[in-house]
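Here the structure is laid out as structure tokens; the discussion comes afterwards.
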Amino acid sequence: MKKLAIYTVALALCGSALYTAFAADQPTDPAKVAAAAAEPAKEKEPLVCFEGRKGATEITQRDLKPGWPNVKCSPTTSAALWYGDPYEGTVPMGKMPQLENLPEGHAVVRPRSEKLNLLAMCGTACHNGVGPKANPPTLPKDKKPIPIPTMEAMYPDSKDFQHGRGRIWCLDCHHTTQRNKLVDHFGDPISFDQPQLLCGKCHGDKLRDWRDGIHGKRIGDFTTGGKKRWFVCTECHNPHNVQDGARNRGFAQLQPEPSPQLPRGMKDAKHEKVHPIPH
Ligand code: HEC
Ligand code: HEC
Ligand code: HEC
């Protein structure tokens with residue numbers, strides 16, 4: 001990072017000629033390659049891979065203990081393949097109908113809100129309801145589509161919205177007056193960290209399957225009542241383009257790959273064969 005800052009300064013001072021020279025020189029120069037390899041591990045560029053959805057679920061690899069990474073990533077797709085700590089960065093899922101009997105804190109999720117860069121501004125800077133009485137007004141009276149050029153520029157998804165085949169629009173999902181919240185059928189706010197409550201209001205069958213562990217993904221302790229991380233709907237589906245062109249069916253498909261190498265210190269994968277319910 002420090003290095004990057006120095007280069008940026010050099011760039012600013014010396015202009016693009018230096019940049020061209022540097023860019024051409026960097027990947028091939030054997031001295032530099034060797035120097036980079038010899039650098040202590042902490043100086044290396046961190047490896048970033050993704051979980052369900054590229055560009056929206058990135059996770060940075062780090063060692064939990066020497067040789068034991070938090071996550072292993074596919075060298076071909078950079079998808080997360082193995083977890084050293086399945087609960088890293090998780091919080092309790094929150095109230096979910098039909099899951100009330102799970103022991104407290106045994107159903108956890110990774111919060112979505114910390115991944116959403118615009119969220120902090122949505123309800124404060126832009127849709128705070130006190131802005132100039134522009135046309136269209138800041139807080140609309142109905143849910144009908146209104147093309148807003150500023151929004152489209154900031155958020156191109158809204159220009160070519162691909163969910164519901166023209167039958168749903170922003171405020172079917174986003175809260176009218178609290179733009180940092182989603183909305184349920186009663187008009188009450190839902191946290192971005194509980195998208196299942198939003199998606200479930202129209203995709204009840206998928207919600208039920210997800211709740212039963214048939215749809216989606218869970219990782220962690222597979223004994224009965226054991227603590228599990230549940231992947232939420234938006235970790236796999238982009239709510240704004242589930243019907244987008246080549247991706248069409250709502251999910252970017254990945255090529256199957258062989259399992260990753262076991263971390264150092266783990267002799268075999270026997271733990272995966274232990275089944276809590278004998279049969
Ligand atoms: C089907 C429900 C749904 C509809 C319809 C919808 N959104 Fe969203 N939107 C979401 C969800 C869920 C998220 C959070 C996504 C995530 O966790 O990755 C989100 C996130 C956002 C964000 C925050 C993105 C960020 O990176 O911080 C903006 C801005 C946004 N939506 C604008 C819109 C606009 C504008 C429309 C209408 C053109 C719209 N949305 C329609 C469900 C919807
Ligand atoms: C207000 C109702 C509504 C909400 C809320 C909603 N959807 Fe949808 N969704 C629809 C409709 C309508 C379709 C279009 C079905 C069709 O015509 O094929 C659709 C289609 C989809 C598809 C594509 C299905 C296919 O076979 O092409 C996916 C995936 C999907 N939704 C996921 C989600 C997720 C994830 C959420 C929550 C972030 C969500 N939806 C929230 C109404 C909704
Ligand atoms: C771990 C990833 C993952 C999670 C989490 C997930 N889904 Fe899906 N979903 C998928 C995949 C994969 C498909 C199949 C896509 C395909 O057919 O190509 C799918 C398909 C769908 C479809 C379309 C089904 C159809 O008949 O074509 C809907 C709707 C949907 N999911 C809704 C949801 C909702 C709602 C949630 C949360 C309650 C959810 N998904 C959670 C991965 C996920």
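Tabulated values for the structure
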{"quantity": "Hull shadow area, averaged, the range 91-247 [alpha-carbon convex hull, nm²]", "calculated": "10.4"}
{"quantity": "Centroid-to-centroid separation of the range 146-218 and the range 43-114 [C-alpha atoms, Å]", "calculated": "22"}
{"quantity": "Beta bridge orientation in the range 46-85: antiparallel %, DSSP, nearest 5", "calculated": "90"}
{"quantity": "Hits among aspartates and glutamates - C-alpha to C-alpha of Lys44 under 20 Å, sequence gap 8 or more where chains match", "calculated": "Asp25, Asp29, Glu58, Asp63"}
{"quantity": "Radius 10 Å from Cβ of His175, net charge of other residues (Lys, Arg +1; Asp, Glu -1)", "calculated": "0"}
{"quantity": "Anisotropy class of the range 46-85 from Cα gyration tensor, a/c 1.5 cut", "calculated": "prolate"}
{"quantity": "Two-decimal Rg/Rh across the range 52-132, once Rg and the Kirkwood Rh are taken from alpha-carbon atoms", "calculated": "1.10"}
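Read-outs throughout are calculated quantities, based only on the coordinates presented, and are distinct from any laboratory measurement. All values derive from a computational prediction rather than experimental measurement. Ideal geometry is used to build each Cβ from the backbone, glycine not excepted, and the neighbour counts take in all protein chains shown.
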